[in-house]
Amino acid sequence: MSQSITPEVLIVGAGPSGLTAALTLLRNGVRVQIIEKIPGPRIGQRGPSITPRSLEIFGKFGILDSIQKMAILFPPMKAYTPASEGNPASSRIFDMFPYKEPTPACPYMNALLLGQDHLSDIMHQALKAYSCEVECGVELVSLVQRDGDADGGDGYVEVKLAKCGAGQSDESTLEVRRYSWVIGADGARGVVRKSLGLTFLGETRKEEKLLVGDIFIEGLDESFWHNFGTTRTGDFLSVRPTEVPSLFSFIFAGSSVDPTINMDDPDTLRRHFSERVTIQGIKLKDVVWSAYYIIHVRMVNKFGEGRAFVTGDAGHIHSPTGGQGMNSGIQDSFNLGWKLALVIKGLSPKTLLDTYTEERIPVIAEMLGETTEILNRTMQKDDTAWRRDGPLTQLNVNYRWSSIVVDEQAKSSAEEEKKVDPYGNHTDGRLRAGDRAPDAPGLTQCKPANSAPARLFDFLNPKYHTVLLFSTDDDQHADTLAFLLRYPRNAVRSIVISRAGLTQANPEMPECIDFVLEDSAGNVYDRKAYGAAIAQGCSIAIIRPDGVVGAFVKGVQGVQRYFSNIFLDSKVLH
């Protein structure tokens, strides 16, 4: 048995959730090691939907352009009804994700489709900028958490790893490594969750069997998502175009899905297609991959224990309807990543990591409810179940109830009564602490001077808490700016934003101000963005590294109240 000293964080699993955790930590200067038991590249579309909220996260990693160039919009759906009892065959067309124009606050309003194989390739390329690569063909066998020693040494996680395909492993062939922290992105059957003893309660929908996969088809119109048959009659087939010409992703669903049938046999697959597809002149070509899928609806009771955490499918699984799974995993990892980075740097207490569970559990519970409802409606042949707009964009997912957000705005009686609304289904549209921070284009950068068009998202970074100071007066925030000097400069930065025509960039402005912006287009001070809070006297907003409004406050005391929940007191200058 060999033993080695390795980077600070081990990430188990190289799917989108694991890679998001890695990129978040790497952006924060934290060394990571990623292992993946699959020996080669991932194959297949799998969960292809990328929500607007996830697109914003990918923008912070610098990979959004690559994704947008390759991905496609959701095509309209075309549902076919075969001829019966004297009625001719017919079809109807409806929008699954009606196109929406971007707004100043939301630059990405439309979900995109991109196979996980291509998304993973893009994320792998991003890792190379940090000289980080995935160690493929390596499997986690076990993990044990060790306490610190009597001399005050930190605890660690000891893991045993095996090379996949190396034959029967015994103790002599396992590699032992030690890490300060472990993140399990190793899926529903992963070792990390089981080793931590986390529960995974829920249900298995055995009656709803699926066969999924990708196949090349010639002659099928790629401008539509095609649905044949119904789940009620047991002969449902959905065929979706992809970003690859002539490649379609398919789903068989219903009682006719038999897991004992060898669908790897091209003739068998063609027969099943021909029994459902009513379009003439198509040719079935190569099958890229296929798999049987039984729907499980389950989630953990908490997202971590000690120095180890779970994210993505390792913490929750559900129906693929709704396109929420991969995206929820990405947001799990982004939520955890910035918090863990601050703890590793010694800037924040370990108790900050407890808020990962506090904030994500209600969101995931709501998500399971949303997707299960969609599944039930889909199985009842309800066309509205195929709609993917509204809350499924995840733009309204929030943490308003979190113990680390601070909001000094007055609350309405309805807000007082309803404490937790994770998907923002019942909000009044006003921006609150805990909500996603809206964008604001049309900014003029006055300090340091830059004539290029700017938007607020350009200044939000997963490395920093960004303090926005809404100002019309040179001296309005003098006390706050002086107070901010107490906090670590490598973790907090400040931006003064003035109304149009009231730029405050003068040579005597304090050096501690990182940027001065003028709201030339009026999008920051718009009441649909930050204007409503400003009107209530909350002239300071603190944006967390994950792009969430951490606080709306009126002055120094509010700033101190917020950061007292984030930073160790020993890291604050007095």
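The values are calculated or read from the model by the stated rules, or taken from the named source; none is laboratory data. Here the structure is a predicted model, which is why all the values come from computation and not from measurement. Here Cβ is always computed from backbone atoms with ideal geometry, including for glycine, and neighbour counts include all displayed protein chains. Heads up: the accessible areas ignore ligands, DNA and RNA and are worked out on the full protein's heavy atoms, side chains in. Shrake-Rupley method; radii C 1.70, N 1.55, O 1.52, S 1.80 Å.
Tabulated data for the structure shown
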item: Nearest-20 debye value, the range 284-401 charge dipole, Cβ charges on Lys, Arg, Asp, Glu; result: 280
item: Lys128 versus Ser451: modelled label distance in nm, points set 7 Å from Cα along the beta carbon direction; result: 3.6
item: Computed label-point distance, nm, for sites Asp258 and Asp65 using a 7 Å Cα→Cβ extension; result: 5.3
item: Among 174-180, 238-244, the order from most to least packed when residues are scored by Cβ within 10 Å on average; result: 238-244, 174-180
item: D_trans [Stokes-Einstein, Kirkwood Rh over alpha-carbon pairs] for the range 184-324, 10 °C, 1.306 mPa s, µm² s⁻¹; result: 94
item: For the range 30-36, Karplus couplings with θ = phi - 60° (6.51, -1.76, 1.60), whole Hz, Gly/Pro x; result: 9, 6, 10, 10, 10, 10, 9
item: Rg over Rh, two decimals, the range 435-498 (C-alpha only, Kirkwood Rh); result: 0.96
item: Gap separating the Cα centres of the range 542-561 and the range 44-83, nearest whole Å; result: 33
item: Amide H within-cut-off set for Gly550, under 5 Å, with H built and near neighbours excluded; result: Gly434, Ile542, Ile543, Arg544
item: In the range 211-313, the trypsin sites (Lys or Arg not before Pro) that fall in loop regions by DSSP, at most 16 other Cβ within 10 Å; result: Arg232
item: Sequence-distant residues sharing a close amide H with Trp225 (under 5 Å, placed H); result: Met77, Lys78
item: Estimated FRET transfer efficiency when R0 is 45 angstrom, pair Glu243-Arg430 (beta carbons, to 0.05); result: 0.75
item: Aspartates and glutamates whose Cα lies under 14 Å from that of Lys163, excluding same-chain neighbours fewer than 8 positions away; result: Glu36, Glu135, Glu139, Glu171, Glu175
item: Unit charges on C-beta of K, R, D, E only; dipole of the range 425-466, Debye; result: 120
item: Solvent-free Debye scattering, log10 I(q)/I(0), computed from the Cα coordinates of the range 25-98 at q = 0.13 Å⁻¹; result: -0.70
item: Karplus 3J(HN,Hα) series, Hz, for the range 39-47 with 6.51 cos²θ - 1.76 cosθ + 1.60 (x for Gly, Pro); result: x, x, x, 5, 10, x, 5, 6, x
item: Exposure ranking of Phe303, Phe94 by accessible area [1.4 Å probe, largest first]; result: Phe94, Phe303
item: Net charge dipole size for the chain [Lys, Arg +1 and Asp, Glu -1 on Cβ; Debye, nearest 20]; result: 140
item: Gyration tensor over alpha-carbon atoms, the range 13-145, equivalent ellipsoid semi-axes in Å; result: 37, 21, 11
item: Signed unit charges on C-beta, dipole axis of the chain, positive-most listed residue Ile404, Thr103, Pro82; result: Ile404
item: Per-selection Rg to Rh, the range 100-155 - Cα, Kirkwood hydrodynamic radius; result: 1.26
item: Pair Asp147, Thr199: separation of 7 Å Cα→Cβ label points (nm); result: 2.7
item: Taking the chain and dividing mean pair separation by its residue count, relative contact order in percent (alpha carbons under 8 Å, at least six apart); result: 14
item: Hypothetical label at Val572: residues of the range 529-549 whose amide nitrogen lies under 16 Å (7 Å Cα-Cβ projection); result: 542
item: Rounded to 5, the percent of DSSP beta bridges in the chain classed as antiparallel; result: 65
item: Per-residue HN-Hα couplings for the range 481-492 [Karplus 6.51, -1.76, 1.60; θ = phi - 60°; Hz; x = Gly/Pro]; result: 4, 5, 5, 5, 5, 6, 9, x, 5, 8, 10, 9
item: Among His118, Val556, Ala308 - extreme Cα towards positive end, dipole of the chain, charges at beta-carbon; result: Ala308
item: Residues Lys350 and Lys554, FRET efficiency given R0 of 22 Å [Cβ-Cβ distance, rounded to 0.05]; result: 0.10
item: Neighbourhood charge, 14 Å Cβ-Cβ cut-off, centred on Ala440 and excluding it, Lys, Arg +1 and Asp, Glu -1; result: -1
item: Amide hydrogen neighbours beyond the local backbone of Gln394, cut-off 5 Å, H modeled; result: none
item: Per-selection Kirkwood Rh - the range 188-230 (Cα, Å, 1 d.p.); result: 15.3
item: Cα long-axis angle, helix 325-344 against the chain (0 to 90 degrees, to the nearest 10); result: 30
item: Zero-based 10 Å bins, Cα pair distances in the chain, whole percents; result: 3, 16, 25, 25, 17, 9, 3, 1, 0
item: Chain lengthening between Asn301 and Thr81 when straightened (0.36 nm per residue, less Cα-Cα); result: 74.8 nm
item: Qualifying trypsin sites (Lys or Arg not before Pro) for the range 532-574 [loop in DSSP, other Cβ within 10 Å: at most 11]; result: none
item: Cα lying deepest toward the dipole's positive end in the range 1-158, options Gly148, Ala14, Gly59, charges on Cβ; result: Gly59
item: Linear extension gain, Glu101 paired with Thr173, 0.36 nm per residue minus alpha-carbon span; result: 20.2 nm
item: Entries of Lys345/Lys571; Lys339/Lys571; Lys302/Lys350; Lys339/Lys463; Lys411/Lys528; Lys37/Lys206 with Cα pairs more than 22 Å apart; result: Lys37/Lys206
item: Added length on full extension, which subtracts the Cα-Cα distance from 0.36 nm per residue, Leu73 to Ala291; result: 76.0 nm
item: Charge tally in the Cβ shell below 14 Å around Val239, where Lys, Arg are +1 and Asp, Glu are -1, Val239 excluded; result: 0
